[in-house]
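Values quoted throughout were computed directly from the atomic coordinates according to the rules given, and no laboratory measurement underlies them. This is a predicted model, so every value here is computed, not measured. Using ideal geometry, Cβ is built from the backbone for each residue, glycine included, and neighbour counts are taken over all protein chains shown.
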Amino acid sequence: MSLLLVQLLSGLANAMFLFLVASGLSLIFGVTRIVNFAHGSFYMLAAYLTYSLVGALHLGAASFYAGVLSAALLVAAMGGLIEVLLLRRVYRAPELYQLLLTFALVLIVADAVRYIWGADNKTGPSAPGLGGSVPIAGQLFPSYDLAIIVFGPLVALALWLVFHRTRWGVLIRAATQDREMVAALGVDQRRLFTGVFVLGSFLAGLGGALQVPRLALTTVMDTTVIVEAFVVVVIGGMGSVWGALLASLLIGVLNAYGVLVLPKASIVLMFVVMAVVLVVRPWGLLGRPEIQLRAAGAGVPDARPAASRSGWLLVIGVALVALPLVLPSFWVGWPSRSSPSPSSQRASTCSWDRAAWSPSATPPTSALAPTGRRSCSSGRGGPCPSPSSPRLSWRRRAPRSSATSACVSRASTSPCSPSPSPRSSTPSCTSGTR
């Protein structure tokens, strides 16, 4: 029982870190409609900045907390700069260009981190005053994780106050549902998008900075968190802070108990939950269906049919991927090239000029047509095979003054003998299966 309780608390602590990252990604994705792959890079960059700032700041016990806040603010400023200089130019571009741009940012940040801090793993300092453990049900649990469990809901409450008690927050919620209507009301979308991107980058940086006492810093920590963050956004709903919190709790606890119950399939569980949510509620647990554009005088189209079709397509895709894992294996054997199959025993009927050529012989170049071309009646496209092929039916043009001799041969018999009945001045070769 104590083990289950400790696993529950561990899952809740991981869920709070995941909530900080996923809430910022949900806001950016819900308002700007940009799939920001660089969100995990902001998370990693803030962790490395915290590692350096804590050692550079000489503030005693407050160095850690000042470093965490400074790193989050620096990442937020960098996010705003990226939005103004780069992302603002691709808002109306196809989604492929947006994906390529954010993926390029991932590569740039990863190379910069390796260049500045190196590729070796690094261990960050512990939080002053929270470095010990407390006994819970006979088990020791880190004090820092308990503090994070309390800190996560406080951040969610602060975000709720911003979104429901300020005009800027109301505009963000409105842009999440209908950006075109917000633009029609005269709201400056550029400033709104920049503010949302700065806030989302700050949350990602805060999550990465607070992870320093818990995890070793690696240059691939961005890829591990961005996958889980996208899953949380899909499950919770775009632009929903409480949906991100609920989905983070669900994924965190599921991973914590999945390691105990199904250790080999614990990674797949969150994707199964995501597939189920997409089928039941394609817009997320606490999200709302996006209002579609409509013509003048037309009603608001229902978003459920298209979303339901997308959900069923996802289920079919998952089934197609999983079927090869459960179906029996089938082996297909191919005949050896050295031993011909019975179907390769074919009869060849040839008529050549003056000489009895064997079916495997190549005709001389001088006997070809003046254009150097030959025609195939094999019925298949592509270039003409060699005359030795048993499946070939080809014709060649002989000199007009020459006599014609014909021979009939089989692939398994002796060479052909001349035939005394020349009826055509144009020799031809046909082969068929008998």
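Odds and ends about this structure:
- Theoretical FRET efficiency, 1/(1+(r/R0)^6), r = Cβ-Cβ of D120 and L215, R0 22 Å, to 0.05: 0.90
- Sorted by Cβ neighbour density within 10 Å, fewest at the top, the residues E83, E228: E228, E83
- Each of H164, H39 was scored by other Cβ atoms within 10 Å of its Cβ. Listed from fewest to most, they are H164, H39.
- Efficiency of FRET between A77 and D178 - r from beta-carbon atoms, R0 35 angstrom, step 0.05: 0.75
- Calculated FRET value between S266 and D111, using beta carbons and R₀ = 25 Å, to 0.05: 0.20
- Residues M238, M1, sorted so that the one with the fewest Cβ neighbours within 10 Å comes first: M1, M238
- The length gained by stretching the chain between R33 and L3 to full extension, at 0.36 nm per residue less their Cα-Cα distance, is 6.6 nm.
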